[in-house]
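Student: Mind having a look at this structure? Questions to follow.
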Amino acid sequence: MANPARRRRVAEQMQRELAEIIRAELKDPRVGMITLTGVEVSPDFAHAKVFFTTLAEEAQRGDVLAGLKRAAGFLRSELGRRVKV
């Protein structure tokens, strides 16, 4: 089981890196004004749950989520290159 302080640091680093990847490298126009509000990492660092908010209108929130789901593989691979655990 991982040290809780280490899990928190890894989650914070993942949040920073994901925010930068989304801002600078993600080209999907559906994913615009989002803010990553938190990341929860499993004790074995195998899974992470990412929380976000968006400034999009109610009707466009589904499009934002669909864009993020479509980009999940890209985000996962880029995050794997940047974060070393």
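The values are calculated or read from the model by the stated rules, or taken from the named source; none is laboratory data. Not measured: the values here are computed from a predicted model. So basically every Cβ, Gly included, is an ideal-geometry build from the backbone, and we count neighbours across all protein chains shown. What goes into the accessible areas is simple: the full protein's heavy atoms, side chains included, and nothing from ligands, DNA or RNA. Shrake-Rupley method; radii C 1.70, N 1.55, O 1.52, S 1.80 Å.
Student: Does ALA11 satisfy the condition of being open to solvent by 30 Å² or more (accessible area, probe 1.4 Å), of a type in the set (Gly, Ala, Ser), within 20 Å of GLY80 (Cα to Cα) and out of contact with any helix residue (DSSP H, G or I) (no Cβ under 7 Å at 6 or more places or on another chain)? Working first, answer last.
Tutor: Details: open to solvent by 30 Å² or more (accessible area, probe 1.4 Å): no; of a type in the set (Gly, Ala, Ser): yes; within 20 Å of GLY80 (Cα to Cα): yes; out of contact with any helix residue (DSSP H, G or I) (no Cβ under 7 Å at 6 or more places or on another chain): yes.
No.
Student: If LEU36 satisfies every condition in (1) surrounded by 14 or more Cβ atoms within 10 Å (Cβ to Cβ); (2) free of Cβ contacts under 8 Å to residues at least 40 places away in the same chain; (3) out of contact with any strand residue (DSSP E or B) (no Cβ under 6 Å at 6 or more places or on another chain) but one, which is the exception?
Tutor: Condition not satisfied by LEU36: (3).
Student: If you don't mind, another one. Any residue at all in the stretch 5-12 that is over 9 Å from the mean Cα position of the chain (by Cα), more than 17 Å from ALA71 (Cα to Cα) and touching a residue at least 40 places away in the same chain (Cβ under 8 Å)? Let's see the steps before the verdict.
Tutor: Of the residues in the stretch 5-12, the ones over 9 Å from the mean Cα position of the chain (by Cα) are 5-12.
From what is left, the residues that are more than 17 Å from ALA71 (Cα to Cα) are 5-12.
Adding the requirement that they be touching a residue at least 40 places away in the same chain (Cβ under 8 Å) leaves 10.
Checked against the condition, which is being over 9 Å from the mean Cα position of the chain (by Cα), more than 17 Å from ALA71 (Cα to Cα) and touching a residue at least 40 places away in the same chain (Cβ under 8 Å), the stretch 5-12 yields at least one hit.
Student: Could you tell me which numbered condition ALA56 fails, if it satisfies all but one of (1) at pLDDT 90 or above; (2) more than 30 Å from ASN3 (Cα to Cα)?
Tutor: Condition (1) is where ALA56 drops out.
Student: Next question. Given the conditions (1) of a type in the set (A, V, I, L, M, F, W, C); (2) buried (at least 16 other Cβ atoms within 10 Å of the Cβ); (3) over 15 Å from the mean Cα position of the chain (by Cα), report the number of the one that LEU18 does not fulfil.
Tutor: (3)
Student: In addition: Quick one: which residue in ASP28, ASP63 is touching a helix residue (DSSP H, G or I) at 6+ places or on another chain (Cβ under 7 Å) and either assigned to a helix (DSSP H, G or I) or more than 20 Å from PRO4 (Cα to Cα) (or both)? Reasoning before the result, please.
Tutor: Numbers: ASP63 fails: touching a helix residue (DSSP H, G or I) at 6+ places or on another chain (Cβ under 7 Å).
Step by step, each of ASP28, ASP63 is checked, and only ASP28 is touching a helix residue (DSSP H, G or I) at 6+ places or on another chain (Cβ under 7 Å) and either assigned to a helix (DSSP H, G or I) or more than 20 Å from PRO4 (Cα to Cα) (or both).
Student: Six or more apart or on different chains, Cβ atoms under 9 Å: show the pairs whose first residue is in the stretch 42-70 and more than 14 Å from ILE22 (Cα to Cα) and open to solvent by 100 Å² or more (accessible area, probe 1.4 Å) and whose second is in a helix (DSSP H, G or I) and among the basic types (Lys, Arg).
Tutor: Between residues of the stretch 42-70 that are more than 14 Å from ILE22 (Cα to Cα) and open to solvent by 100 Å² or more (accessible area, probe 1.4 Å) and residues that are in a helix (DSSP H, G or I) and among the basic types (Lys, Arg), there is no close pair.
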